[in-house]
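Below is one structure, written out as structure tokens, with a few remarks after it.
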Amino acid sequence: MKQHVLIVDDDEMIQAMVSFLVKEDVSVRTTQVDSGQLMHAALKTDKVDLLVLDLGLPDEDGLALARQVRARTDIPIIVLTGDQSHERLIAALEIGVNDFITKPFDPYELRLRIKNLLRYNRPKRSVLAETGHRIDLGALVLDLNSRTLQEKSGARVALTRSEYNILAALVQRQDKAMSRGELLDVIAQGNDAPSPRAIDVYIRQIRKKLEPYAHHPQMIEVVRGYGYMFVMASNRAL
């Protein structure tokens, strides 16, 4: 199967150039989009092995988009920007991007950087994802393929998109605390993000659906002054 590079840039010439350079390797395919909304749609519907992201999109903040992608996945990210300031570089590296290239750039240097990331930085998967996509949560099962929460009988437990994204992120980072900010990045779309306190509301709703005694939670614990952590020790892949 060909590796897939997603190119996000509102400049069609740059889209075409990057795509041409990447596809010199016949084992690589590309998708080009010009907005954060289309980027999120592509990430939901197709496997992506590398993201090339312009930080200067006219309608959305590129750093916010990079932060949202990094909160949800370990896909390698190369950012392109016309801003050569040290502050911009530091902000991108703090988010966890893998490479930072300023415009104008040498096309063949970019091609080599992409080639190296595809070779050495394949997306990491959690232990749960490696051993199976159905996660045993006691009386319930979280299915990462169908994005559903089910009773052992097969009956589905209704989850909103945000509730599912938060639960899946916590489960796949078992015993590791996630801040409210990180959880906001998991559910944010573009520049539209709810208040950090909205995470507390979502967690209460998830607990009601996940645990019989939501007022005394055993699976999702609060990390005071920080966020939440999934701690169910018996969690295992089916």
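The values are calculated or read from the model by the stated rules, or taken from the named source; none is laboratory data. Keep in mind that what you see is a predicted model, and the values were worked out from it rather than measured. FYI the Cβ positions are ideal-geometry reconstructions off the backbone, even for glycines, and counts take in every protein chain you see.
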Index of the failed condition, residue 129 passing every other in (1) within 30 Å of residue 62 (Cβ to Cβ); (2) modelled with pLDDT of 80 or more; (3) in a helix (DSSP H, G or I): (2)
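Provide a single number: the residues in the stretch 24-64 that are of a type in the set (A, V, I, L, M, F, W, C) and in contact with a His (Cβ under 6 Å, 6 or more places away or on another chain). Don't jump to the end; show me each part of the working.
Residues of the stretch 24-64 of a type in the set (A, V, I, L, M, F, W, C): 26, 28, 33, 38-39, 41-43, 48, 50-53, 55, 57, 63-64.
Filter again for in contact with a His (Cβ under 6 Å, 6 or more places away or on another chain), leaving 48.
Counting residues in the stretch 24-64 that are of a type in the set (A, V, I, L, M, F, W, C) and in contact with a His (Cβ under 6 Å, 6 or more places away or on another chain) gives 1.
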Counted residues, the stretch 137-159 - those being free of Cβ contacts under 8 Å to residues at least 40 places away in the same chain and either in a loop (DSSP other than H, G, I, E, B) or within 19 Å of residue 204 (Cβ to Cβ) (or both): 9
Residues within the stretch 1-59 that are under 18 Å from residue 118 (Cα atoms) and part of a loop (DSSP other than H, G, I, E, B), tallied: 11
Residue list for the stretch 161-201, filter: in contact (Cβ under 8 Å) with a residue 12 or more places away in the chain, among the hydroxyl-bearing types (Ser, Thr, Tyr) and not in a strand (DSSP E or B): 162, 164
Any pair with Cβ under 8 angstrom, 6 or more apart, that starts in the stretch 73-86 at a residue that is assigned by TED's automatic domain parsing to the domain that holds residue 166 and farther than 16 Å from residue 116 by Cβ and ends at one that is at pLDDT below 85 and in a strand (DSSP E or B): none
Single condition residue 68 does not satisfy, out of (1) over 20 Å from the mean Cα position of the chain (by Cα); (2) assigned to a helix (DSSP H, G or I); (3) of a type in the set (S, T, N, Q): (1)
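Could you identify the single residue in 224, 207 that is farther than 26 Å from residue 151 by Cα, out of contact with any Leu (no Cβ under 6 Å at 6 or more places or on another chain) and modelled with pLDDT of 85 or more?
On the way: 207 fails: farther than 26 Å from residue 151 by Cα.
The unique qualifying residue is 224.
Sort through 10, 54 and tell me the only one that's under 23 Å from residue 91 (Cα atoms), in contact with a Pro (Cβ under 9 Å, 6 or more places away or on another chain) and without any contact (Cβ under 8 Å) to a residue 60 or more places away in the chain.
Result of the check over 10, 54: 10.
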Conditions (1) acidic (Asp, Glu); (2) within 13 Å of the chain's Cα centre (by Cα); (3) surrounded by 18 or more Cβ atoms within 10 Å (Cβ to Cβ): number failed by residue 54: (2)
Residue match in the stretch 190-197 (condition: at pLDDT 85 or above, touching a helix residue (DSSP H, G or I) at 6+ places or on another chain (Cβ under 6 Å) and surrounded by 17 or more Cβ atoms within 10 Å (Cβ to Cβ)): no
